[in-house]
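Here the structure is laid out as structure tokens; the discussion comes afterwards.
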Amino acid sequence: MSSPMLDMECRVCGERQVELFLDLGAQPHCNRLIPPALAQVAEPKFPLRAGFCRACTLVQIDHTIPKESMFRDYPYVSGTTRTLVEHFRDSAARLVRRYGLGPDDLVVDIGSNDGTWLKQYRPFGLRTLGVEPAGNVAALATEAGVETLNRFFNAETADVILAGPGRARLVTAAGVFFHLEELHSVVEGVARLLTPDGTFCVQAIYLGGMVENTAFDQIYHEHLCYYTLRSLEELFGRHGLAVHDVGLVPVHGGSLEVHVGFPGAHPVSDAVLAMRAEEERRGYGRIETYRAFAENVQALGRDLRALLERLRAEGRRVHAYGAPAKGATLLNAFGIGPDLVECAVERNPLKFDTLIPGARIPIVDEAATPRPDAYLMLAWNFLDEFLARERAYLEGGGQFIVPVPRLRVIGAADLAPTDTAR
């Protein structure tokens, strides 16, 4: 059985062998939140389709919204989530120890957002530089004392850094590597910027985790590529770089961390060979795996809508917990609007008093909003943090509706016991 081929060149290998496996319909730019004054104005929508390259195995979407439209102003800030702050603190300490970084060494973070990761290097006295295209969050980083270039990272930006701070022992990119419209220019820039013994540490949502967890909501227009180790090795090899270590980190529901450098500069860990074999075993290089994934997405949509419609019929009120970009994908793909989910509560003031694109669900201040009967957990990747934060709400009869990795309803009976002796 074959599927339609997408009219595109693969973003990594350039071949025209990208086969469609999941069509999520026409969707708006998920982070372009709607102000109330424009609530009645139709917003532009774009195809959201995922395909698999039969030549190099990269999974990717075919439609590109220009990066200038998506990232010049951005509502997401890393520092509002305790889980992320702790993750970056642990990552920084681990990388400093592993590569023996010292005070004269430079760390460059691509897509540095509000500087949360770079702040974690302060106890080690390292030189740091962020590169962030969104003016609003770059300003937050600068105000916090994190030196930041407000521009897109590419080969040209690398040359600017080389002419100033110089080469970097460590370049990092967390949660941004799948955003890159200028993919090859970015990797070429990293290759120029690294010292001969330098390392590029990439943390990106792992395609394998998406498949195993039915995490289709990670697919949206900002995320152009979805990586396995195999597809990343194909990309880096084209620029004279090689993966020397790989692992999985729990952030964002399961992320891939790869360490990349010049061939021979670092010993290749056993983990690289092990993950290559595991990906082959799980079929991440075969289109059939992604067709099955698409069928699971369709089943999830049917079940979630049925649950929300039943709760509405029972007169129970449902709010979304958080308004992440991934939530817009889920809501729009399944046709869920304010008739089923009254509002989305947020702690990020940049999102208050706006509407979720497409679904047009109001985003409100969590602190000023009465509790509903149940929350739809759109930010399911931070579920453990939210379970701890909202224990009293759940013990009082509230519920969490968790769509991923499998649809379930969590109440007081599902909570882990606490140590009441303390």
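The values are calculated or read from the model by the stated rules, or taken from the named source; none is laboratory data. This is a predicted model, so every value here is computed, not measured. Ideal geometry is used to build each Cβ from the backbone, glycine not excepted, and the neighbour counts take in all protein chains shown.
Does Ala55 meet the test of being surrounded by fewer than 24 Cβ atoms within 10 Å (Cβ to Cβ), modelled with pLDDT of 95 or more, of a type in the set (Gly, Ala, Ser) and assigned by TED's automatic domain parsing to the domain that holds Arg151? Write out each step before concluding.
Values: surrounded by fewer than 24 Cβ atoms within 10 Å (Cβ to Cβ): yes; modelled with pLDDT of 95 or more: yes; of a type in the set (Gly, Ala, Ser): yes; assigned by TED's automatic domain parsing to the domain that holds Arg151: no.
In short, no.
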### Message
For the structure I just gave you, tell me whether Leu149 is free of Cβ contacts under 8 Å to residues at least 24 places away in the same chain, within 21 Å of Thr116 (Cα to Cα), aliphatic (A, V, I, L, M) and assigned by TED's automatic domain parsing to the domain that holds Arg230.
### Response
yes
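Looking only at region 211-228, filter to residues that are aliphatic (A, V, I, L, M) and surrounded by fewer than 22 Cβ atoms within 10 Å (Cβ to Cβ); which one of those is farthest from Glu295 (Cα to Cα)?
Of the residues in region 211-228, the ones aliphatic (A, V, I, L, M) are 211, 215, 219, 224.
So of that shortlist, the ones also surrounded by fewer than 22 Cβ atoms within 10 Å (Cβ to Cβ) come out as 211, 224.
Working: Val211: 11, Leu224: 21 Å.
My answer is Leu224.
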### Message
So the check is Cβ under 9 Å with 6+ separation or different chains; which pairs have a first residue in region 394-410 that's in contact (Cβ under 8 Å) with a residue 60 or more places away in the chain and a second one that's of a type in the set (Ser, Thr, Tyr) and part of a loop (DSSP other than H, G, I, E, B)?
### Response
Pro403/Thr214; Val404/Thr214; Pro405/Thr214; Arg406/Thr214
### Query
Just wondering, is there one or more residues in region 91-103 that are surrounded by fewer than 24 Cβ atoms within 10 Å (Cβ to Cβ), out of contact with any Leu (no Cβ under 7 Å at 6 or more places or on another chain) and outside any helix (DSSP H, G or I)?
yes
### Task
Give His244, His252, His239 a once-over and let me know the one that is in contact with a helix residue (DSSP H, G or I) (Cβ under 9 Å, 6 or more places away or on another chain), modelled with pLDDT of 95 or more and farther than 16 Å from Leu58 by Cβ.
His244
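Can you spot a residue in region 345-353 that is more than 22 Å from the chain's Cα centre (by Cα) and surrounded by 14 or more Cβ atoms within 10 Å (Cβ to Cβ)? Explain how you work it out, then say what you get.
We begin by selecting, within region 345-353, every residue more than 22 Å from the chain's Cα centre (by Cα); these are 353.
Now narrow it down to the ones that are surrounded by 14 or more Cβ atoms within 10 Å (Cβ to Cβ): none.
Checked against the condition, which is being more than 22 Å from the chain's Cα centre (by Cα) and surrounded by 14 or more Cβ atoms within 10 Å (Cβ to Cβ), region 345-353 yields no hits at all.
Go through region 264-344 and tell me which helices (runs of 4 or more DSSP H), entirely inside it, have 1 or more residues that are among the β-branched types (Val, Ile, Thr) and not assigned by TED's automatic domain parsing to the domain that holds Thr199. Before you say what the answer is, go through the steps one by one.
On the way: elements: 270-282, 287-313, 325-333.
So the answer is 287-313, 325-333.
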### Query
Condition test on Asn348, is it touching a helix residue (DSSP H, G or I) at 6+ places or on another chain (Cβ under 6 Å) and not small (Gly, Ala, Ser)?
yes
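When you go through Val341, Val260, Val272 one by one, which is the residue that is in contact with a strand residue (DSSP E or B) (Cβ under 9 Å, 6 or more places away or on another chain), over 30 Å from Arg169 (Cα atoms) and modelled with pLDDT of 95 or more?
From the options Val341, Val260, Val272, the qualifying one is Val341.
Restricting attention to region 368-387, does a residue exist that is more than 22 Å from the chain's Cα centre (by Cα) and in a helix (DSSP H, G or I)? Step through it out loud before you land on a result.
So the first thing to find is which residues in region 368-387 are more than 22 Å from the chain's Cα centre (by Cα), and the list is 368-374.
After this cut, where a residue has to be in a helix (DSSP H, G or I) as well, the list is 368.
Within region 368-387 (the criterion being more than 22 Å from the chain's Cα centre (by Cα) and in a helix (DSSP H, G or I)), the answer is yes, since at least one residue qualifies.
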### Message
Given the criterion in contact with a Leu (Cβ under 8 Å, 6 or more places away or on another chain) and on the phi > 0 side of the Ramachandran plot, identify the matching residue among Gly254, Gly198.
### Response
Gly254
### Pairs, first among the β-branched types (Val, Ile, Thr) in region 296-312, second part of a helix (DSSP H, G or I), C-beta under 9 Å, six or more apart
Val297/Phe216; Val297/Ala333
### Task
Could you list, in sequence order, all residues of region 209-240 that are under 15 Å from Val186 (Cβ atoms) and among the aliphatic types (A, V, I, L, M)?
Leu224, Leu232, Leu235
